[in-house]
Each structure stands twice: as C-alpha cells, then as structure tokens.
1. Given 0.36 nm per residue, what is the gain on full extension from residue 140 to residue 47 after removing their alpha carbon distance, in nm?
2. Please compute the Kirkwood hydrodynamic radius of region 4-122 from all pairs of different C-alpha atoms, in Å with one decimal.
3. Please give, to one decimal in nm, the separation of the simple spin-label points placed at residue 229 and residue 68, each 7 Å out from Cα toward the Cβ.
4. So, in Å, what gap is there between the alpha-carbon centers of region 222-245 and region 47-61?
5. How many nm separate the modelled label positions at residue 151 and residue 97, each set 7 Å beyond the Cα in the direction of the Cβ?
6. For residue 179, what is the net charge nearby, where nearby means another residue's Cβ is under 9 Å from its Cβ and Lys, Arg count +1, Asp, Glu -1?
7. If I stretch the segment between residue 81 and residue 172 completely, what's the gain in nm (0.36 nm per residue apart, minus their alpha carbon distance), one decimal?
8. Normalised by the residues of region 129-231, what does the relative contact order come to in percent, with Cα pairs under 8 Å and at least six apart?
Amino acid sequence: MAEQTLFLAWHGAEENRRWFPVGRLDADVKRANYRFRYTEGAERARQEAGFPLLLEFPDLNRDYRSPELFPLFQNRIMSPVRPDFQSYLKSLSLDKDAEPIEILAANGGRRITDPYEVFPKLVKQPDGSFSSKFFLHGWRRVSQSGQERLDQLEPGEELRIALELTNPRTRLAVQIQTTDCQIVGWAPHYLVNDLTRAMAESAGKYEAKVVRLNPQPAPSRQRLLIELSSHWDNYEPMSGPDYQPLVD
C-alpha cells in the first residue's frame, strides 16, 4: 500500500471538549518506515487547554522514527489472534487482509481510557473530489426518536448534513440527519473546518450515506459508519497551521 498519513487528535477535560490535532504519523508500510511528529496544534492545545505531552514522545520538537508502528498506535488495534478479529474487521467495513495502518485509519483508535483519536488525512483527487469515512459522534446525546431512527438505518441509505452554528459544546458543528430530518449525531469535530469549506464551495453538491450500522453491543464509538463525498475547488484539506509538523 502507498504511504499514508494519519493525525492524532486530543480533547481537553469535560468542560473543555475541543478537539486539537496534536500529532502526525506518516507510515510507509512497504519500506517499514514510521515517523511521528508533533504539530502546531499540540502547541496551541498546550496553551489553551493544558495538553500534556505523550510519555512515548516526551520531546515536542523531536522527529521520531521507527521500523515498526509505534506502541501508542499499535495498542489501538485489536490483536489478530483474537477469535473475534474477523468480525471486528467486518464492523469496520475492511477486508480480511487489511494492514494495521488501514485498521487504525478506520477504527479511529479511540479507547475509553484516554482522550485521543486517530483519523486519516483527507486526500483531494485531481478533479477536486474527496471522500471521507468516519464513525458518527454524539449519537447518545440526540433525542429518543433520533436514536430509534438510527436503529432503523440501512447500508447505502442516504443521509443529510447541516451546519450548526450554536452547538453548546463546540459552537460550530456538522449535524448528520436522516432524509426525514431526524438528527442522529454529528461529524467528528476535527473534520468540521474542512467539511464546512466543502459545504460552502460545493453549493449543496455533496453526498452522505450509511456504510454500516453495527448492532449493539458494538462499542458506542463504532456504532454508525458514514461516507461523505464532495469536492473543493481551490482548497487543500488539512493544510492549516494546526496540521503542520513542528519539525520539517
């Protein structure tokens, strides 16, 4: 597989739930070359929300390299020797030969024991189009009718997205709605700026659909997998200051 870039996101305490992209992982699986660097988002997170440096990466200005996937990321992937591993891959909509870095890009790397999440860099195609897969956030905070509607979703079913300007947690948010206008949750906050730009540039020419609904008792963070497609004209995704490595 080609080289892939993932970002590590962190959020503050409950009273300060803003997400910050704090690290960048570049993975070249064929050449067994893995590289981690903090981003400018880590510096901002330290100043605004008290982000603590990771024990595995104690130097903010160091270029970390390894022939293997760093334990911080490897530990966020289910072991392939577990009997439910193939079911796990299915829940992520991956085939049985998926590489660990593909699994990490799909599962979000979220654990209940820490405030981190992993997400892949959005890739803009030559024609300006892009596609993003992500698990729904916040579905447990929607209305009872919204949760009941979520339970009825089918793979391939069309969804709608709407910009929310007064979200009580993050102010700016991207709602995920059904075609009958039921709010079922939100897109991850670290995607909001890029998705908002696409919503403005595409003038409504975007598509969102259900990829997979994992039945309970699936982990709540991996309940509904969504694919959103749109395009940018003159915008490069994830190119803002927060995403820039502190070390060249």
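A short reminder: the numbers here are calculations on the coordinates, not readings from a lab. As the structure is a prediction and not an experimental result, all values here were calculated from the model. Reconstructed Cβ throughout: ideal geometry from the backbone, glycine too, with neighbour counts over all protein chains shown.
1. On the way: separation 93, 0.36 × 93 = 33.48 nm, distance 3.06 nm.
Full extension of this stretch gives 30.4 nm more.
2. That comes to 15.1 Å for region 4-122.
3. 3.9
4. 24
5. 3.9
6. The answer is -2.
7. Numbers: separation 91, 0.36 × 91 = 32.76 nm, distance 4.16 nm.
Residue separation times 0.36 nm, minus the Cα-Cα distance, leaves 28.6 nm.
8. Working: 195 pairs, mean separation 38.2, N = 103.
About 37 percent, as a whole number.
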